[in-house]
Amino acid sequence: YQMEDPPAEDVATIPPEALREIIDGLPQVRRTVFNLYYIDGLPHKEIASLLGIKENASTSIAAKARAQLAKEIRSYIRKNE
């Protein structure tokens, strides 16, 4: 079961420093892959090469990071409504 990402307008209400804190809360490998893929825009093939992992591992780690962030962001939004 894939949870949907929180609505962009809800995410936009989160202060940048709080969002950074949520991202920083990811386990190191997830945070690294998340930043390289979603922030820096590197393809999974390049991330895999940089980190010495398989391309499908990079894809999987990015998906897990995104799901974890979505959960954390929804939780933050609920607490701060």
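Which residues, counting only those in region 7-42, are outside any helix (DSSP H, G or I) and either in contact with a Lys or Arg (Cβ under 6 Å, 6 or more places away or on another chain) or open to solvent by less than 70 Å² (accessible area, probe 1.4 Å) (or both)?
Listed by number, the residues that qualify are Pro7, Ile14, Pro15, Gly25, Leu26, Pro27, Gly41, Leu42.
With the structure loaded, tell me whether Asp24 is modelled with pLDDT of 90 or more, farther than 25 Å from Ile77 by Cβ, among the acidic types (Asp, Glu) and within 14 Å of the chain's Cα centre (by Cα) or whether it fails that test.
Answer is no for this residue.
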Seminar exercise, completed: Only unsatisfied item for Leu51, checking (1) within 14 Å of the chain's Cα centre (by Cα); (2) open to solvent by 60 Å² or more (accessible area, probe 1.4 Å); (3) among the hydrophobic types (A, V, I, L, M, F, W, C), is (1)
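Whether any residue in region 60-71 is open to solvent by less than 70 Å² (accessible area, probe 1.4 Å), in a helix (DSSP H, G or I) and touching a residue at least 60 places away in the same chain (Cβ under 8 Å) is what I want to check.
Taking region 60-71 and keeping what is open to solvent by less than 70 Å² (accessible area, probe 1.4 Å), we get 60-63, 65, 67-70.
After this cut, where a residue has to be in a helix (DSSP H, G or I) as well, the list is 60-63, 65, 67-70.
Now restrict to residues that are touching a residue at least 60 places away in the same chain (Cβ under 8 Å): 67, 70.
The answer is yes, given that some residue of region 60-71 is open to solvent by less than 70 Å² (accessible area, probe 1.4 Å), in a helix (DSSP H, G or I) and touching a residue at least 60 places away in the same chain (Cβ under 8 Å).
The values are calculated or read from the model by the stated rules, or taken from the named source; none is laboratory data. Computed from a predicted structure; not experimentally measured. Note that we place each Cβ from the backbone using ideal geometry, even for glycine, and neighbour counts take in every protein chain shown. SASA here: full protein model, heavy atoms, side chains in, ligands and nucleic acids out. Shrake-Rupley method; radii C 1.70, N 1.55, O 1.52, S 1.80 Å.
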